[in-house]
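Working notes, beginning with the structure itself.
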Amino acid sequence: MKTVLLLATSLALAPLAALAQPKTAFEGARFSTVVGFDGVPLNLVQKGEAGRPGVLFLHGYKQSYLSWSAQFGADLAQRCHLVAYDLRGHGNSGQPWQASAYDNSRPWADDMAAVIRASGLVKPLVVAWSFGGNVAMDFLRLHPEVPIAGMVLVSSPAGLLAAPGSGPANAPRPPNLDLAQSVAAAERSAQFVFGNSVEPGLRAQLAAASLRVGPYLDSAMAVRGAGANADLLPALQQLPLTLALGSRDAIMLPAVAQKLRAALPGARVAEFPEAGHAMFVENGAAERFNALLDELQCARKP
């Protein structure tokens, strides 16, 4: 009787086990935890052998390592050491409540330095999307001693210039604690950022990931204004720099992209006419984005 009950229980739980562990683009990736600034745990994911040319991915605001599914799911890891992590307050990383954990450069910069050390990256190519560009600038400001091979700013002004009509940094604002509003906002944001050019299942994952971000992050981040990194333009121009721009980007508008190109005349520009704000994961553009990474870093000998 006991054997029959155990068998019945196993059969009943089998479908649940299958649902709990679906195959993803990160199949075979290595997950670990890195201690970042002030002890905040950072969710780290790696694919490909250490010692190969490295690529460090920085995702956008209210996103996660899942943003890089089209890169980790491709064959880039056969030639590169791919590294991504959830920024503090995002995804499966720690979410401190204090404003001081988010409202200045030090936490973001030291987190990135800790990830580079823990993963063993040597002169990685830094690929920074949207708000990730601001994190890259924080790192450039506070850790100039850590060498990088170059940088790809993806749909990101990186705080280097003020957007048209923007003013100085905003004052802190009370967090929005209405979860129903947050869910609705996440769905609207996913449609706005990714549109219909991203496979629906993945877009749903990306929308869900944004709900992992607590309301206190919005409140703390409001004080970091556009143009705060303008003083880094000379240092940035000393690096091999690529600007990846989507012609249909509804967030980084053409006027801003043009202004960024003018501010960084030495940068290479990779244009994606068919793409919006997230060309690295959009149908028809992701493959060409991966080819760009191959050319810049992965196909090079270590």
Length added when fully stretched, LEU179-THR33, from 0.36 nm per residue minus Cα-Cα: 49.8 nm
Per-residue ³J(HN,Hα) for the stretch 72-77, Karplus 6.51 cos²θ - 1.76 cosθ + 1.60, θ = phi - 60°, Hz, x for Gly and Pro: 6, x, 8, 9, 4, 5
Distance (nanometres) between label positions extended 7 Å along Cα→Cβ at ARG248 and ALA291: 1.8
Gain in span if fully extended, ASP75 to ALA299, counting 0.36 nm per residue against the direct Cα distance: 79.5 nm
At 1.567 mPa s and 4 °C, Stokes D of the stretch 245-295 from Kirkwood alpha-carbon radius, µm² per second: 114
The chain, relative contact order [Cα under 8 Å, separation at least 6], %: 20
Sum of side-chain charges, ALA25 neighbourhood, beta-carbon under 15 Å (Lys, Arg +1; Asp, Glu -1): -1
Two-site label geometry, ALA230 and ALA208: point separation in nm, points 7 Å out along Cα→Cβ: 4.3
The stretch 68-150, relative contact order [Cα under 8 Å, separation at least 6], %: 27
The stretch 94-135 - Rg and Dmax from Cα coordinates, angstrom: 11.7, 33
Net +/- balance of residues flanking ALA275 in space, Cβ distance below 12 Å, scoring K and R +1, D and E -1: -3
In Hz, Karplus ³J(HN,Hα) per residue of the stretch 78-86 (6.51, -1.76, 1.60; θ = phi - 60°; x = Gly, Pro): 6, 10, 10, 9, 8, 9, 9, 8, 7
Coordinate range along principal axes, alpha carbons of the chain, Å, largest first: 76, 50, 39
Sites excluded, GluC sites (Glu not before Pro) in DSSP loops with at most 16 other C-beta within 10 Å, longest stretch of the chain: 146-273
Gyration tensor verdict on the stretch 195-285 (Cα atoms; rounded if a/c is under 1.5, prolate if a/b is larger than b/c, oblate otherwise): oblate
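Coordinate-derived values only; no laboratory data. This structure is a prediction, so every number in the text was calculated from the model and none was measured. All Cβ positions, even for glycine, are placed from backbone atoms using ideal geometry, and neighbour counts span all protein chains on display.
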